[in-house]
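Below is one structure, written out as structure tokens; comments come after it.
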Amino acid sequence: MTAYLSLCSQVGNYKRAVKRFDDGHRLCNDLMSCLQERAKIEKAYGDQLTAWSKRWRQLIEKGPQYGSVERAWLAVMTEAEKVSELHQDVKNNLLNEDVEKVKNWQKEAYHKQMIGGFKEAKEAEEGFKKAQKPWAKKLKEMETAKKGYHMACKEEKLAAAREANGKSEASVTPDQQKKLHEKVDKCKQDTQKAKEKYEKSLEEVNKCTPQYMESMEQVFDQCQQHEVKRLTFLKEALLDIKRHLNLTENQSYATIYRELERTILAANTQEDLKWFSNNHGPGMHMNWPAFEEYNPDQANAPPKKKKPDGAPPTPSTDHVAPPGDRSSVSSYDKNQAYSTEWSDDEQPAAYSGNENGGNGNSFEDESSTGKGVRVRALYDYEGQEQDELSFKAGDELTKTEDEDEQGWCRGRLDNGREGLYPANYVEPI
């Protein structure tokens, strides 16, 4: 109420209410800038998650971790990729929905004029001026009357002071004292007239004040109604923004972490140890020496195996360990060459924390990146074991090791996967 009385009691005090239209338009621009900056942050975070996930997925797949724990570790990378997608969705929602919504509302709520400013602000200012004009005129007249009355009071006091001084001085003649007395009387009359005029003008101001306040209040209420729309819209917009930012309300977000937890809990220590023992420990298949008769029919031909339609026979699979938990084989195993026999005499290279100069990841340089010979597949081949490659006729790959005595070559696909394949299924390019 005090603020409203201040609005009415001083001419031109409505300007703050008019300025609120300009402020409202500017605040819409500020909100859009705010959302655009947040969208950049969301995009940058999503890109960083994707890059991080891609890099570490490659390192883990090439590293020595194996089995179900490897899958659990890789699930963390999958979580990052899916969360990255959600943050990209947040960015898109902020720009395509929230910013656009604010921009459209701003365009509908504020109408720019050719001469500058906004139509709504001009209408409000004209309404305030029209409501204030009659009262402002009366107020000006009252101020003039008040000033005249105060000047008359001042003159009356000066005249009374001169008369009192004249009576106390012997040099002042009776005629002069009479004139001083008449001056005092005249000032009293002027003061009375000025007082009556002042009181009358004040009464007129007070009479038109209620109508003036009512007119001003009507214009002010119109401004308030526009501000109600702005504040209501802003609240709704902020709720939409909150909904887009709050990933905890997104069902996909909760699903990501349920799946991650399920994959981690599925890690089985005993199964991983069993697989390692069967493939790289005492449980692996042993090629013990045995007497072999000379067979001229098989001297130049590898043993036969399951053959795809229209393809030559594939070599024997004696290089493969006996069936175990094949699904848990690590990608690290695909890039390493091991002896076909397990022995305590094997001396693995000592690990040093400074293998990479004390920097970087110890997994990065473990995969084979040597040069080889480019070959083209003549037939389709579907790998029968985890350490075998699969390809289609016409696919190109790199042979990294020559054919062994059993008819197998080691090679590398263009996607980086390494493994064995039958030598008679390809030709040099």
Quick one: how many Å² of GLU199 are accessible to a 1.4 Å probe, rounded to 10?
100
Students often forget the sequence filter, so: which lysines lie under 28 Å Cα-Cα from LYS101 once same-chain residues fewer than 8 apart are removed?
LYS19, LYS40, LYS43, LYS82, LYS91, LYS112, LYS119, LYS122, LYS229, LYS235, LYS242
Pull out the extension gain between LYS140 and ALA267, defined as 0.36 nm times the separation in residues minus the alpha carbon to alpha carbon distance; nm, one decimal.
36.8 nm
Area accessible to solvent at VAL83, 1.4 Å probe radius, in Å²
10
The range 373-428: relative contact order from alpha carbon pairs under 8 Å, six or more residues apart, as a whole percent, is 37
Return the Cα extents of the range 85-199 along principal axes one, two and three, sorted largest first, each rounded to a whole Å.
107, 30, 24
Compactness relative to 2.2 N^0.38 Å, alpha carbon Rg of the range 373-428:
0.96
Quick one: go through the range 253-295 and flag any residue whose amide nitrogen is under 18 Å from the point 7 Å out along the Cα-to-Cβ line of ASP404.
278-290
For the pair LEU238/GLN251, report the inter-label distance in nm, with labels modelled 7 Å from Cα in the Cβ direction.
3.0
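The values are calculated or read from the model by the stated rules, or taken from the named source; none is laboratory data. Computed from a predicted model, the values in this text were never measured in an experiment. Backbone-built Cβ (ideal geometry, glycine too); neighbour counts: all protein chains shown. Only protein heavy atoms, including side chains, enter the accessible area calculation; ligands, DNA and RNA are left aside. Shrake-Rupley method; radii C 1.70, N 1.55, O 1.52, S 1.80 Å.
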